[in-house]
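Below is one structure, written out as structure tokens, with a few remarks after it.
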Amino acid sequence: MSAYRYFNISNGLRGCYMPDSSCVARFKTRRELKEYFLNERNYAGETTQGLSKRAIAQFAAMCWKRKDSGFPYCLPTKQAYQTDYSYGYFVANATRYEYKEYLESENNY
């Protein structure tokens, strides 16, 4: 049985802002992590830029290497009418304990 990897995934404005949404997820393979972001791409809509298949594949590979720098990795995004990539998806390493805590908190709602 291969080990799971745990990630804290959030999205929202880049910088020192609260995320729009956040979750702790576990993945068995890099492909599963990539699929997660491909699903997010479908949810974000056609006007969101920065979520190409190539960008997502490179981002998933970078996150999977698990070189924890203390800061989350960011996949920058923007809407078609914006000039800057001011939004993004953020991925930081998490632990199994954080994952279980997240599941418990979600089940309490």
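Since every read-out is calculated from the coordinates, none of them should be taken as a lab result. Just so it is clear, the model here is predicted, and its values are computed rather than measured. No Cβ is skipped: glycine too gets one built from the backbone with ideal geometry, and neighbour counts run over all protein chains shown.
To the nearest ten degrees, helix 53-64 and the longest principal axis of the Cα atoms of the chain are 30 degrees apart.
Length gained on full extension, CYS16 to THR95: 26.1 nm, using 0.36 nm per residue less the C-alpha separation. Once both axes come from the Cα atoms, what is the angle between helix 30-44 and the longest principal axis of the chain, in degrees from 0 to 90, rounded to 10? Orientation of helix 30-44: about 40 degrees from the principal axis. Applying 1/(1 + (r/R0)^6) with R0 = 25 Å to the Cβ-Cβ distance of LEU103 and ASN42 gives a FRET efficiency near 0.55.
If you wrap segment 1-80 in the convex hull of its Cα atoms and look at it from every side, the mean projected area works out to 5.6 nm². Taking 7 Å steps out from each Cα toward its Cβ at ALA57 and ARG30 produces label points 1.1 nm apart. Relative contact order for segment 11-79: 29 percent, from Cα pairs under 8 Å spaced at least 6 residues apart, divided by residue count.
Separation of segment 72-109 and segment 22-52, taken as the distance between their Cα centroids, equals 10 angstrom. Ignoring lysines fewer than eight residues from LYS34 along the same chain, the ones with Cα atoms less than 17 angstrom from its Cα are LYS53, LYS65. Straight-distance candidates among the lysines for linking to LYS100, with alpha-carbon spacing under 18 Å and chain neighbours fewer than 8 residues away dropped: LYS28.
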